[in-house]
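Here the structure comes first, spelled out in structure tokens, and everything after it is commentary.
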Amino acid sequence: RYEPTWASLDARPLPAWFDEAKFGVFIHWGVFSVPSFGSEWFWWYWQKEKREPYVKFMEANYPPGFSYEDFGPLFTAEFFDPNHWADILKASGAKYVVLTSKHHEGFTLWGSKYSWNWNAVDVGPKRDLVAELATSVRNRTDLHFGLYHSLFEWFNPLFLEDAASVFKTRKFPSSKSLPELYEIVTKYQPEIVWSDGDGNAPDTYWNSTGFLAWLYNDSPVRDTVVTNDRWGDGSICRHGGFYTCSDRYNPGHLLAHKWENCMTIDKRSWGYRRNANLDDYLTIEDLVKQLVETVSCGGNLLMNIGPTHDGRIATIFEERLRQMGAWLKVNGEAIYGTKPWRAQNDTVTPGVWYTFRPNEGQVNAIFLSWPVSGILELGEPQAKLGETQVQLVGYKEPLKWVALGEKGMAIALPQLTLQQLPCQWGWTLQLTDVN
């Protein structure tokens, strides 16, 4: 059994499915999807920081005295079809999904008995959105279902009272935050508990170690659940299951501890923004590059979309997800279930990243741009004459190559038309029998 101490909890082995999965989809959905302007931090930027664009937006479009709570009934989700969402998630090639059950605004997407009249069953959709998506994902896909949960809430009076006492009192976690965590785990059995938002309070205030000890010892998901590292001020990148370290974390080198790169297709926001421009969205080339770099360095990619207040996954997000799925259909063997190789990226040709399948003795070299010369030079693999085989994934014939001294090889790529290419945004060479 695990003790409620970091020393004990950090010694728990990470369930193997998480490292093998490599790719997940993050969904930021909530009352902030109603103004869908600027950022999911809308309430904070408008009311607390009083940022000019937000103040002007409200003055121009809403009557005087309109409060953030008034957005609640406008969060309607009338087009939310959880089966359709599940089908898109499946088509993306993702192996897990993480839904925001509650963001810093405190609004829960399930009918929490600890969030009276500020939840999706009492207000707005009048539906248990968490339950509906969990059911569809489990019935229609093999994705692992996870939930994001914000520890703190910007404007909750109990939290503000605790903060005023420099967290000497613990009214908020004991009456709101912790009961909600136990509630979502017991009710929905998420295989990822993705914590966030410590409000600058230490893990002792949140009783994070107590909750995690229960989660790992006695909860219905004790054997399969994975957690992140955001359990109180100072715990990020130090304690918990996998490390996130910061948003959009992509170190570009191998880390000793399992980590995740959580990032957004919309470069500027996690929630949906009606005022986004086309060039605010990462291209599929950008996203494949992020995935390949992340997995080569031992990480998982958690790629975020923001649905609309009425429950749609905007077309551009759907397109990116389906494009990623099309790429993974061809190149998935170089991603899922792989391990980092002794080199993460190539020393001679930039934009080449390596993954490894130890059981097959197979090194995957994923290259992101097709060389004009038709010859790809690799500085890392040590090829053996008569033994090393090179295959372009999605192309039948083995490729010809020559060794470049003790280390390195030059590979002749086939001359293909655009239509004949196995995929469009990055290609995989499978190398067998290289040292």
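The values are calculated or read from the model by the stated rules, or taken from the named source; none is laboratory data. What you see is a predicted model; the values in this text were computed from it and never measured. Heads up, the Cβs are rebuilt from the backbone with ideal geometry, glycines too, and the neighbour counts pull from every protein chain shown. For accessibility, only protein heavy atoms count, side chains too; no ligands or nucleic acids. Shrake-Rupley method; radii C 1.70, N 1.55, O 1.52, S 1.80 Å.
Name the residues in the stretch 293-333 that are within 26 Å of Phe356 (Cα to Cα), among the hydrophobic types (A, V, I, L, M, F, W, C) and in contact with a helix residue (DSSP H, G or I) (Cβ under 8 Å, 6 or more places away or on another chain), would you?
Leu301, Met303, Leu321, Met324, Trp327
Collect the residues in the stretch 276-293 that are open to solvent by 20 Å² or more (accessible area, probe 1.4 Å) and either touching a Pro at 6+ places or on another chain (Cβ under 7 Å) or within 28 Å of Trp44 (Cα to Cα) (or both), keeping them in residue-number order.
Hits for the stretch 276-293 are Ala276, Asn277, Leu278, Asp279, Tyr281, Leu282.
Identify the residue in the stretch 232-275 that is of a type in the set (Phe, Trp, Tyr) and in contact (Cβ under 8 Å) with a residue 60 or more places away in the chain and, among all such residues, is most open to solvent (accessible area, probe 1.4 Å).
The extreme case among them is Tyr272.
For Phe23, work out the one condition from (1) closer than 28 Å to Leu143 by Cβ; (2) surrounded by fewer than 21 Cβ atoms within 10 Å (Cβ to Cβ) it doesn't fulfil.
The one condition Phe23 does not meet is (2).
Looking only at the stretch 1-20, which residues are open to solvent by 20 Å² or more (accessible area, probe 1.4 Å), over 21 Å from the mean Cα position of the chain (by Cα) and of a type outside the set (Gly, Ala, Ser)?
Passing the criteria: Arg1, Tyr2, Glu3, Pro4, Thr5, Trp6, Asp10, Arg12.
Of all the strands (runs of 3 or more DSSP E) wholly in the stretch 380-435, which have at least 1 residues that are without any contact (Cβ under 8 Å) to a residue 24 or more places away in the chain?
Answer list for the stretch 380-435: 401-403.
Scan the stretch 78-127 residue by residue and report those that are of a type in the set (Val, Ile, Thr) and either touching a Ser or Thr at 6+ places or on another chain (Cβ under 7 Å) or not in a helix (DSSP H, G or I) (or both).
Answer for the stretch 78-127, where residues must be of a type in the set (Val, Ile, Thr) and either touching a Ser or Thr at 6+ places or on another chain (Cβ under 7 Å) or not in a helix (DSSP H, G or I) (or both): Val97, Val98, Thr100, Thr108, Val121, Val123.
Can you tell me how many residues within the stretch 325-364 are open to solvent by 50 Å² or more (accessible area, probe 1.4 Å), part of a helix (DSSP H, G or I), modelled with pLDDT of 95 or more and closer than 15 Å to Leu429 by Cβ?
Count: 1.
Here are some residues: Val193, Val185, Val166, Val221. Which one is in a strand (DSSP E or B) and modelled with pLDDT of 95 or more?
Of Val193, Val185, Val166, Val221, the one residue that is in a strand (DSSP E or B) and modelled with pLDDT of 95 or more is Val193.
Conditions: (1) assigned to a loop (DSSP other than H, G, I, E, B); (2) closer than 28 Å to Pro202 by Cβ; (3) without any contact (Cβ under 8 Å) to a residue 60 or more places away in the chain. Leu160 meets all but one. Number of the miss?
For Leu160, the exception is condition (1).
Evaluate the stretch 66-89: report whether one residue or more is closer than 30 Å to Glu293 by Cα and touching a helix residue (DSSP H, G or I) at 6+ places or on another chain (Cβ under 6 Å).
yes
Between residues in the stretch 60-77 that are without any contact (Cβ under 8 Å) to a residue 12 or more places away in the chain and residues that are assigned to a helix (DSSP H, G or I), which pairs lie under 7 Å by C-beta distance while being six or more apart or on different chains?
Every condition considered, the pairs that remain are Phe66/Met58.
From the list Phe75, Phe66, which residue is surrounded by 14 or more Cβ atoms within 10 Å (Cβ to Cβ), among the hydrophobic types (A, V, I, L, M, F, W, C) and either at pLDDT 95 or above or closer than 23 Å to Glu180 by Cβ (or both)?
Phe75
Report every pair of residues separated by at least 6 positions or lying on different chains whose Cβ atoms are under 7 Å apart, first residue within the stretch 180-205 and more than 18 Å from Pro220 (Cβ to Cβ), second part of a helix (DSSP H, G or I) and polar (S, T, N, Q).
Cβ pairs passing all conditions: Asp203/Thr209.
Every residue in the stretch 130-148 that is outside any helix (DSSP H, G or I) and in contact with an Asp or Glu (Cβ under 7 Å, 6 or more places away or on another chain), please.
Within the stretch 130-148, His144, Phe145, Gly146, Tyr148 meet the criteria.
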